Every structure is written in C-alpha cells, then in structure tokens.
Amino acid sequence: MQLIADLQLHSKYSRAVSPDMVIPIMTEWGEKKGIDLMATGDWTHPLWFRELESNLEEAGEGIYKLKGSQKKTRFFLSGEISSIYTDGGRGRRVHTLFFAPSLAVVKKINEELVKRGANLMSDGRPIPAYPASSCAKLFGVRTKEFWWCRHTPGRLISRSMVQNQASIQLKNVLGNMPIKFTQLRAV
C-alpha cells in the first residue's frame with residue numbers, strides 16, 4: 001500500500017506561516033494534492049489545540065479527519081519543540097518533532113510543559129531552555145526512533161554516511177539514550 005504523507009507542517013500560529021493553515025483549508029489542499037495523511041503541527045499552542053479539538057474527529061487509532069467530512073485526507077497529531085540551550089560550553093539549537101496518539105495525551109503534555117515554564121502562547125514551536133533529552137524524557141521516550149529524510153541536491157550521500165553523521169549529532173543531543181533509525185523514502 002502506498003501512502004502519501006506530509007510529516008511536518010505548521011499552523012497559522014507559527015512564525016512566518018500563512019493564516020490559511022487551518023484544518024478545513026489544509027484538508028482541501030491535501031485532497032487537491034493527493035496527500036493521504038498530514039501532520040497537524042503545533043499542538044503545543046493553546047489556540048491551535050482548541051481549533052484541533054473543534055475541527056477534528058477520530059477516524060481510527062491516532063488518526064483524525066475534518067469533522068463531518070467525507071474527504072480522504074487524514075491527520076495525525078504532531079508538534080515541534082525548539083530546544084535552545086547550552087551544554088558543555090556550546091550552544092545547542094535542536095528542533096524535535098513529537099507525535100501523540102490522542103488529544104487527551106496532547107493536553108497532558110501541554111500541561112506538563114507549562115508546569116516546567118514553557119511559554120506555549122509565544123509560537124507554534126515553543127522554545128524551552130532545556131535540552132532535547134529532557135523533552136524526550138518528558139514525553140516518556142525511552143528509545144528514540146528517528147525517521148531520517150535528508151535533502152541533498154547535487155550530491156550523493158550513502159545511507160551509512162548519513163547514519164554515522166546522524167549518530168554523532170544525536171549523541172550530542174540525547175546523550176546515552178538508545179537510537180534507532182527507520183528509513184523513509186522522500187518523493
């Protein structure tokens with residue numbers, strides 16, 4: 001079975017994103033472009049979270065659709081956190097994508113982020129001042145599985161080169177947390 005998916009999108013609540021990035025319009029464009037599954041993006045933003053609750057209904061385990069819609073485009077709950085912090089005397093800027101199985105789980109994660117001082121209203125991508133490894137632990141991640149997709153116009157890079165380079169970078173970010181790679185094919 002072939003599935004066309006867009007795994008990273010942002011809502012109208014992220015900087016420099018169109019005000020048209022709302023679920024009904026995203027559904028229309030997903031349908032026009034033949035996209036079966038789309039990320040919601042930005043579920044950490046309280047106003048976007050309310051819109052997700054208002055506009056989505058379950059269409060399967062961890063999968064949602066526009067309420068009352070017969071269109072084939074489906075959504076999964078995704079968010080991004082931009083961790084900017086200092087570690088070992090070096091500045092780190094790490095963008096981490098997180099996926100959640102339900103709106104109830106999203107709500108719990110958002111509450112925990114607020115307890116830890118994250119300003120969720122500032123942007124669709126909150127910027128907590130703690131390491132990505134702390135975010136992973138907050139989300140209950142014990143083994144971090146990464147989907148690796150790299151754009152390399154004009155040059156070829158072997159899978160082993162990508163994985164070796166990524167392993168070095170991820171160890172700087174996640175410390176001793178186990179790392180597992182899953183290949184995705186970009187189209």
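The values are calculated or read from the model by the stated rules, or taken from the named source; none is laboratory data. Quick caveat, the model's predicted, so the values are computed rather than measured. Note that we place each Cβ from the backbone using ideal geometry, even for glycine, and neighbour counts take in every protein chain shown.
When you scan region 2-22, how many residues do you find that are within 16 Å of Ile35 (Cα to Cα) and touching a helix residue (DSSP H, G or I) at 6+ places or on another chain (Cβ under 9 Å)?
Total satisfying the criteria: 4.
In the set Leu37, Leu47, Leu52, Leu56, which member is in the same structural domain as Cys135 (by TED's automatic domain parsing), at pLDDT 95 or above and more than 23 Å from Leu138 (Cα to Cα)?
Just a single option satisfies the conditions, and that option is Leu56.
Quick one: which residue in Arg155, Arg90, Arg150, Arg185 is in contact with a helix residue (DSSP H, G or I) (Cβ under 9 Å, 6 or more places away or on another chain) and modelled with pLDDT under 80?
Arg150
Does region 30-58 hold any residues that are under 16 Å from Leu3 (Cα atoms), touching a strand residue (DSSP E or B) at 6+ places or on another chain (Cβ under 9 Å) and not acidic (Asp, Glu), and which are they?
Correct list: Gly30, Lys33, Ile35, Leu37, Met38, Ala39.
Within region 60-74, track down each residue that is loosely packed, with under 14 Cβ neighbours inside 10 Å and part of a strand (DSSP E or B).
If the condition is that a residue be loosely packed, with under 14 Cβ neighbours inside 10 Å and part of a strand (DSSP E or B), then Gly60 is the only one that fits.
Mind listing just one residue for me: the one in region 50-84 that is in contact with a helix residue (DSSP H, G or I) (Cβ under 8 Å, 6 or more places away or on another chain) and small (Gly, Ala, Ser) and, of those, farthest from Arg116 (Cα to Cα)?
Selected residue: Ser69.
Scanning region 75-97 for residues that are aliphatic (A, V, I, L, M) and surrounded by fewer than 17 Cβ atoms within 10 Å (Cβ to Cβ), which turns out nearest to Gly41 (Cα to Cα)?
Leu97
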